[in-house]
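> Have a look at this one before I ask anything.
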Amino acid sequence: MAEFLDLEAQDGVRMPWNVIPGTKQEATSCVVPVSAIYTPIRHFPEMPILPYSPLRCRTCRSILNPFCIVDFAAKIWICPFCFQRNHFPPHYSSISVENLPAELFPQYTTIEYETPGEKASIPPVFMFVVDTCIIEEEMGFLKSALSQAIELLPENSLVGLITFGTFVNVHELGFGQIPKTYVFKGSKDVSKEQLLEQMSFFVQKPKPSTGVIAGARDGLSSESIARFLLPASDCEFTLNSILEELQKDPWAVPADQRATRCTSTALSIAASLLGACVPGSGARIMAFIGGPATEGPAAIVSKYLSEPIRSHKDLDKDSVPHYHKSVKFYEALSKQLVHQGHVLDLFACALDQVGIAEIKTAVERTGGLVVLAESFGHSVFKDSLKRVFQSGDYDLGLSSNGIFEINCSKDIKVQGIVGPCASLEKKSPLCSDTLVGQGGTSAWKMCGLDKSTCLCLFFDIVRKETPDATAQSTSNQFYFQFMTYYQSSSGQMRFRVTTLSRRWVAGPGSIQDLVAGFDQEAAAIVMARQVSFKMETEAEFDPIRWLDKALINLCSRFGDYQKETPSSFSLSPRLSIFPQFMFHLRRSQFVQVFNNSPDETAYFRMILNRENVANSVVMIQPSLISYSFHSGPEPALLDVAAIAADRILLLDSFFTVVIFHGSTIAQWRKAGYHNQPEHQAFAQLLRAPHDDADSIIKERFPVPRLVVCDQHGSQARFLLAKLNPSATYNSEASVPGGDIIFTDDVSFEVFLDHLQRLVVQ
């Protein structure tokens, strides 16, 4: 495992197969796809930043890298992708074996270029879109969170404010004398032209007769833009006074109806306003939504409470009157935002669903952040919002306007990416006929990206026949190059290049090599992203069956066994944890939608699709640490047998962190022993899991929910739901002080037993 972590620390890449199957046939029989999980702008303290432009191959446009063959005498380099011979330009004339430019150093396979003087002309822009159809108490929480956020905004950033309920109010922050707003009807979709006309953009400067209206360069005066988007330092007072006076939506709501909330109209107006004023800049629409949309072009439910909000069952039966229309609306909005280069961030805080399942495409394609909480007063929301603007150790490193491109050896084609990006539809010989996620292209737009954004790339091996032994020994490397052009949080334009080389094998005897390079954590995450993508896009798809079939095929190809004798089955240590990951993935919230709303499922999948391997593994198979008097903190098996009366358990499942006190510990705590000076050791035991939980919470986004509970208490369900049910209500007597789980789910032992029997058939 350690060597895969080292590769990730050098290039930000994890691949299930670090030795790649060399032919199409081999790749298919390997079950887990040839793929890579890549963090485009991961922070590397050691990485050099070069103050000049990169050198490109004249045929395939790939960048000079350590895998190029260089002839120092003739000043020529040979591209490893297309074998084109390129001449070095004059300013490279002094290079030699002793005097290498940084991009040829063997350890700098990931490097960044920063062209001096290329700085973004427009500072970052934040457009707050605030829901006012919420109860007074929630309104209070939201106002205080927003005023804190405004204090944390970068000084030079531009800010705008839109509030919405039955109507959409666009606040003119630049008009300081009295609060002034433009009001739009929530039920009517407004085009960009109507919007500019009605907001009197063409009073001083007449509208140009032709062409697209785009910012101060094309058709708008900078004074008219400054009415709605002001530097944070100039409008802090105005913003705070508007927020202080902000009232709950004044329109009365009949007892049998929901509030009239026109979310889609407000988001559409925000997108059009930013598209007209600051196109191509790093702008973010930050939407704060407190309930379901009931009005406008993309309502998710009608106003009448007699109609329930769609559930997974309704989606399966296709009895969802509003769903398809709304999804279509948000797909069009996501295209508009991607074209403008703007990001949609979603903060949804309500006990009811707000429509994340519909808005998902717009947030995911633009690389937006998403936070789901029960209330605007909840720490999950408040702390996550602070983290967005926080600078220092745990800042997110929000960057914008990214373009991600890929280049690879000619025997590999790209199927697509599952992750927060949008296809730029750049057709090239690299594109495979099989599409996965955002496919059919070799370049993608990433409107918003941060230090932890992760893409999962799927590849196709196109070579049909096994090459002969001589060819295999001379050119047995596949090359990949990932290029990310983006605007860093400081506003500087950067270009990051990662070049990888991986050995391929084919023919008899290749199994040992494939197993030696198998990264089971990365493989589990690729399967998880693939299964959730299939569940969303393929009708009648059975995820459990698909995962089981994949696991059986993988074990029968790579396991050691004698036919028809299950007890003889064994797996190499490289594969031994993979069945366990699959067992937990089958039970996880990504596959089991029972007891989750479509919004929650969409939220979990959006986070899974943007997080790195380490975090995603915790979502599928949570980590469990046990604390007791007998030993220090130690990892425990994710099993009901880990529960004991004299233990404290700390469960980290990414979205929730649970501190669980065994029954004896809970009794002692209630008796107040930890406050007595002679029981210092007990006080320390109680404090230790809280300190560890704090350090987990501090570096994670979205901030997880902390649950502190006792054995046999109602909140203990947060832990019990994740444990392997090795002791249930109908098994033999459990250990005294332990626990049982009331479930009919099979335990991991039974699952493994069935797996072995099916594999050896």
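The values are calculated or read from the model by the stated rules, or taken from the named source; none is laboratory data. None of these values were measured; they are calculated from a predicted model. Positions of Cβ are generated from backbone atoms using ideal geometry, with glycine treated the same way; all protein chains shown enter the neighbour counts. For the accessible areas, the whole protein counts, side chains as well, though only heavy atoms, and no ligand, DNA or RNA atoms are used. Shrake-Rupley method; radii C 1.70, N 1.55, O 1.52, S 1.80 Å.
> List, in the order given, every pair from LYS386/LYS451; LYS445/LYS534; LYS188/LYS445; LYS143/LYS386; LYS325/LYS426; LYS24/LYS410 whose Cα-Cα distance in the structure shown is over 20 Å. Walk me through the intermediate numbers first.
Working: LYS386/LYS451 17 Å; LYS445/LYS534 22 Å; LYS188/LYS445 30 Å; LYS143/LYS386 14 Å; LYS325/LYS426 28 Å; LYS24/LYS410 13 Å.
The pairs that break the limit, which is 20 Å between Cα atoms, are LYS445/LYS534; LYS188/LYS445; LYS325/LYS426.
> To the nearest whole percent, what portion of all C-alpha pairs in the stretch 496-561 is separated by more than 13 angstrom? It would help to have the intermediate numbers written out before the result.
Working: 1606 of 2145 pairs.
The share of Cα pairs beyond 13 Å in the stretch 496-561 comes to 75 percent.
> Which GluC sites (Glu not before Pro) from the stretch 526-619 combine a DSSP loop assignment with at most 12 other Cβ atoms within 10 Å?
Qualifying residues, ordered by number: GLU538, GLU540, GLU564.
> Residues of the chain: accessible area per residue at 1.4 Å, in Å²?
With all protein chains present, the chain gives 42 Å² per residue.
> Could you look at the chain and say what percent of its accessible area is carbon and sulfur, using a 1.4 Å probe and all protein chains?
Reported share for carbon and sulfur atoms: 53 percent.
> Charges at C-beta only: +1 for Lys and Arg, -1 for Asp and Glu. How large is the resulting dipole of the chain about its Cα centre, in Debye rounded to 20?
Once rounded to the nearest 20, the dipole reads 1940 debye.
> Calculate I(q)/I(0) for the stretch 43-186 by the Debye formula, one identical point scatterer on each C-alpha and no solvent, and give its log10 at q = 0.15, 0.20, 0.21, 0.22 Å⁻¹ to two decimals.
Listed by q, the Debye log ratios stand at -0.83, -1.28, -1.36, -1.42.
> Could you give me D for the stretch 87-150, from Stokes-Einstein at 20 °C and 1.002 mPa s, where the hydrodynamic radius is the Kirkwood radius over C-alpha pairs? Units µm² s⁻¹, please.
Working: Rh = 17.9 Å.
It comes out at roughly 120 µm²/s.
> Loop only per DSSP, at most 15 neighbouring Cβ atoms within 10 Å: give me the GluC sites (Glu not before Pro) in the stretch 53-130, ordered by residue number. Write out the running numbers ahead of the final one.
Values: sites: GLU98, GLU103, GLU112, GLU114, GLU118; in loops: GLU98, GLU114, GLU118.
Counting only loop positions with at most 15 other Cβ atoms within 10 Å, the GluC sites (Glu not before Pro) in the stretch 53-130 are GLU98, GLU118.
> For the charge dipole of the stretch 642-708, defined by +1 on Lys and Arg C-beta atoms and -1 on Asp and Glu C-beta atoms about the Cα centroid, which residue among PHE701, LEU649, GLN667 has the Cα displaced farthest towards the positive pole?
After comparing all options, I get GLN667.
> Now for a separate question. Given the chain, what percent of its DSSP beta bridges are antiparallel, to the nearest 5?
Numbers: 78 of 114 bridges.
Rounded to the nearest five, the antiparallel share is 70 percent.
> Right, another one. Limiting things to C-alpha atoms, what are the Rg and the maximum Cα-Cα separation (Dmax) for the stretch 279-390, in angstroms?
Gyration radius and largest Cα-Cα distance of the stretch 279-390: 14.8, 44 Å.
> For the chain, count all C-alpha to C-alpha pairs, find those more than 40 Å apart, and express that count as a whole percent of the total.
Working: 117714 of 289180 pairs.
Across the chain, Cα pairs with separations above 40 Å total 41 percent.
> Each residue of the stretch 167-173 in turn: what ³J(HN,Hα) in whole Hz from Karplus with 6.51, -1.76, 1.60 and θ = phi - 60°, glycine and Pro shown as x?
Going residue by residue, I get 10, 9, 10, 9, 8, 8, 6 Hz, with x marking Gly and Pro.
> Still on this structure, please answer the following. Would you be so kind as to identify which of PHE81, ALA721, VAL591 lies farthest towards the positive end of the dipole of the chain, taking Lys and Arg as +1 and Asp and Glu as -1 on Cβ and the Cα centre as origin?
Of the options given, the answer is PHE81.
> Another question, then. Exposed loop chymotrypsin sites (Phe, Trp or Tyr not before Pro) only (DSSP loop, at most 14 other Cβ atoms within 10 Å): please give the longest stretch of the chain free of them, not including the sites. Mind dumping the intermediate values first?
Working: sites that count: TYR52, PHE72, PHE83, PHE175, TRP251, TYR394, PHE541, PHE594, PHE629, TYR729, PHE742.
My reading of the result: 395-540 is the longest stretch.
> Note the full-extension length gain between GLN257 and ILE135 as 0.36 nm times their separation in residues minus their Cα-Cα distance, in nm to one decimal. Please list the in-between numbers first.
Working: separation 122, 0.36 × 122 = 43.92 nm, distance 1.49 nm.
Going from the current span to full extension adds 42.4 nm.
> Could I ask something else about it? By how many nm would the segment from SER568 to THR656 lengthen if fully extended, with 0.36 nm per residue of separation less the alpha-carbon distance?
Here the segment from SER568 to THR656 would lengthen by 27.7 nm.
> Same structure, new question: Using the Cα atoms of the stretch 112-213, I'd like the radius of gyration and the largest Cα-Cα distance, Dmax, both in angstrom.
Both quantities, over Cα of the stretch 112-213: 17.7, 51 Å.
> Using DSSP to define loop residues, name the trypsin sites (Lys or Arg not before Pro) in the stretch 515-571 whose beta-carbon has at most 11 other beta-carbon atoms within 10 Å.
Taking the stretch 515-571 and a limit of 11 other Cβ atoms within 10 Å, the loop trypsin sites (Lys or Arg not before Pro) found are LYS563.
> Shifting gears a bit: Which whole number in µm²/s is D for the stretch 608-748 by Stokes-Einstein, with the Kirkwood Rh taken over Cα pairs at 10 °C and 1.306 mPa s?
Working: Rh = 15.8 Å.
Result for D is 100 µm²/s.
> Follow-up question, since we're still on this one. Could you pull out every one of the aspartates and glutamates with an alpha carbon less than 17 Å from that of LYS75, ignoring same-chain neighbours closer than 8 positions?
Cα-Cα hits under 17 Å: GLU98, GLU103.
> Further question: Once the piece of chain linking LEU435 and GLU540 is laid out straight, how much longer is it, given 0.36 nm per residue of separation minus the C-alpha distance between them?
Details: separation 105, 0.36 × 105 = 37.80 nm, distance 1.89 nm.
So the chain would gain 35.9 nm between LEU435 and GLU540.
> Projecting each Cα onto the charge dipole of the stretch 289-384 (Lys/Arg +1, Asp/Glu -1 at the beta carbon, about the Cα centre), which of PHE376, PRO308, LEU351 comes out farthest on the positive side?
Farthest towards the positive pole: PRO308.
> Principal axes first, then extents: for the Cα atoms of the stretch 370-485, list largest minus smallest coordinate on each axis, whole Å, largest first.
65, 28, 25
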